[in-house]
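K.L.:
I'd like to ask some things about the structure below.
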Amino acid sequence: MNKITKSHIVAYFIVGMGSIIMLAPFYFMFVFATHSNSDILSVPPPVWFGSEFINNVGILLDALPYFWHNIGLSFYVALMTTILNLFFCSLAGYAFAMFEFKGRNIMFVLIMGTMLLPPFLGMIPTALIMSQLEWMNQPRALYIPMACGAMGIFMMRQFIASAIPKELIEAARMDGCNEFAIYWRVVVPLITPAFGTLGLITFIGQWNNFMGPLVVMNDMKMFTVPLALRALQGTGQVPWGAICAGAAIAVVPLMILFVMTSRKLIDGLTAGAVKG
């Protein structure tokens, strides 16, 4: 049994303090969701749960009559974005990892270079394109432009290159499999940890996406959750309790998703650390 030293105690203390700092905003979000505005704005603010959650939800639904539709739309957009990212990023990652073709390295560098561009640079072109396609206020205006990302391609390429031997791919080709069959029957079953990691990151990123809906959505019924909650701040006196209640409701699906995929997330982050 390992002896606990002073360095271990210091490390545990630092990790514990970091965890408290990171979890504090979530804790106070749930606490404030159960208090009235006057309680939230009091000094000092409440640090334990109250009894105003149902009232805050009522205020939320009065101000945002489409809130449950907004929740459903956010889930649909995040799910579609995740599915498309997993498919196209894994295809591209497989191609970059296992194929030799002219210009491969240059193409990969150019794709990685797009990660250096600030996201807001694409706001106006995206809005113009969506307007020309007549996709404004349509869910596809949110998930089609996000169907494949540079980070996902990089993650899949690195994972496939480190986890799948090229000899296995060559053996499948010798058995007569075409390239898509190799991808679907050989590669996909072996990269489920990477799928779990990329899927969780993509879903959370799209669920929390604020700038995308702000650019292409102008009908409150088609708002995603972040945009709908932001709209509450323009209704006179800001109902902080209702906003926290809505945020608490919106974060529950993410917590459930994280619990379901946490093992895959850890496997995906560590699988490529040591190449067998």
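The values are calculated or read from the model by the stated rules, or taken from the named source; none is laboratory data. Everything numeric in this text was worked out from a predicted model, so none of it was measured. Here the Cβ positions follow ideal geometry from the backbone for every residue, glycine too, while neighbour counts run over all protein chains shown. Only protein heavy atoms, including side chains, enter the accessible area calculation; ligands, DNA and RNA are left aside. Shrake-Rupley method; radii C 1.70, N 1.55, O 1.52, S 1.80 Å.
K.L.:
What per residue convex hull volume, in Å³, do the alpha-carbon atoms of segment 105-236 yield?
P.N.:
Values: hull volume 20.0 nm³, N = 132.
Enclosed volume per residue, from the Cα hull, is 151 Å³.
K.L.:
Per the Debye formula with a single identical scatterer at each Cα and no solvent contribution, what log10 I(q)/I(0) holds for the chain at q = 0.10, 0.16 Å⁻¹?
P.N.:
At q = 0.10, 0.16 Å⁻¹ the computed log10 ratios are -0.71, -1.25.
K.L.:
Give the Debye-formula value of log10 I(q)/I(0) at each listed q (0.19 Å⁻¹), with one equal scatterer per alpha carbon of segment 38-102, two decimals each.
P.N.:
-0.87
K.L.:
Here is a further query. What whole-number value in Å² describes the accessible area per residue of segment 7-107 for a 1.4 Å probe? Walk me through the numbers before you get to the answer.
P.N.:
On the way: 6180 Å² over 101 residues.
Accessible area per residue: 61 Å².
K.L.:
Could you check how much of the accessible area of segment 68-162 is carbon and sulfur, as a whole percent, using a 1.4 Å probe?
P.N.:
On the way: 3960 of 5390 Å².
With neighbouring chains kept in place, the figure for segment 68-162 is 74 percent.
K.L.:
At a probe size of 1.4 Å, how large is the accessible area of Tyr76, to the nearest 10 Å²?
P.N.:
100 Å²
K.L.:
Taking the Cα centre of each part, how many Å lie between segment 178-220 and segment 80-147?
P.N.:
Cα centres, segment 178-220 to segment 80-147: 11 Å.
K.L.:
Under unit Cβ charges (Lys, Arg +1; Asp, Glu -1), what dipole magnitude, rounded to 20 debye, does segment 1-134 have relative to its Cα centre? Write out the running numbers ahead of the final one.
P.N.:
Numbers: 4 positive and 5 negative charges, 151 e Å.
Using Cβ point charges on Lys, Arg, Asp and Glu, segment 1-134 gives about 720 debye.
K.L.:
In whole Å, what are the extents of segment 65-129 along the principal axes defined by its C-alpha atoms, from largest to smallest?
P.N.:
55, 26, 19
K.L.:
Please give the charge dipole size of segment 56-195, origin at the Cα centre, charges +1 on K and R Cβ atoms and -1 on D and E Cβ atoms. Round to the nearest 20 debye. Write out the running numbers ahead of the final one.
P.N.:
Working: 7 positive and 7 negative charges, 45 e Å.
Approximately 220 debye in magnitude.
K.L.:
Could you state how much accessible area Lys221 has, in square angstrom rounded to the nearest 10, with a 1.4 Å probe and all protein chains kept in place?
P.N.:
Lys221 exposes around 90 Å² with every protein chain in place.
K.L.:
When we measure straight from the Cα of Lys166, which aspartates and glutamates land under 17 angstrom away, once same-chain ones fewer than 8 places off are left out?
P.N.:
Glu100, Asp175, Glu179
K.L.:
Further question: Might you report the magnitude of the Cβ-based charge dipole of the chain about its Cα centre, with Lys and Arg at +1 and Asp and Glu at -1, to the nearest 20 debye?
P.N.:
The calculated dipole for the chain is roughly 700 debye.
K.L.:
Which order do you get for Asp219, Asp175 if you rank them by accessible area with a 1.4 Å probe, largest at the top?
P.N.:
Numbers: Asp219 70, Asp175 130 Å².
Descending accessible area places them as Asp175, Asp219.
K.L.:
Starting from the residue with the highest accessible area, list Glu134, Glu52 in decreasing order, probe 1.4 Å. Kindly include the intermediate steps, with their values, before the conclusion.
P.N.:
Details: Glu134 150, Glu52 55 Å².
Of Glu134, Glu52, the descending order of accessible area is Glu134, Glu52.
K.L.:
Here is a follow-up. Using the charge dipole of the chain (Lys, Arg: +1 at Cβ; Asp, Glu: -1 at Cβ; taken about the Cα centre), state which of Phe75, Asn137, Leu257 has its Cα farthest towards the positive end.
P.N.:
Checking the options against the dipole of the chain, the answer is Leu257.
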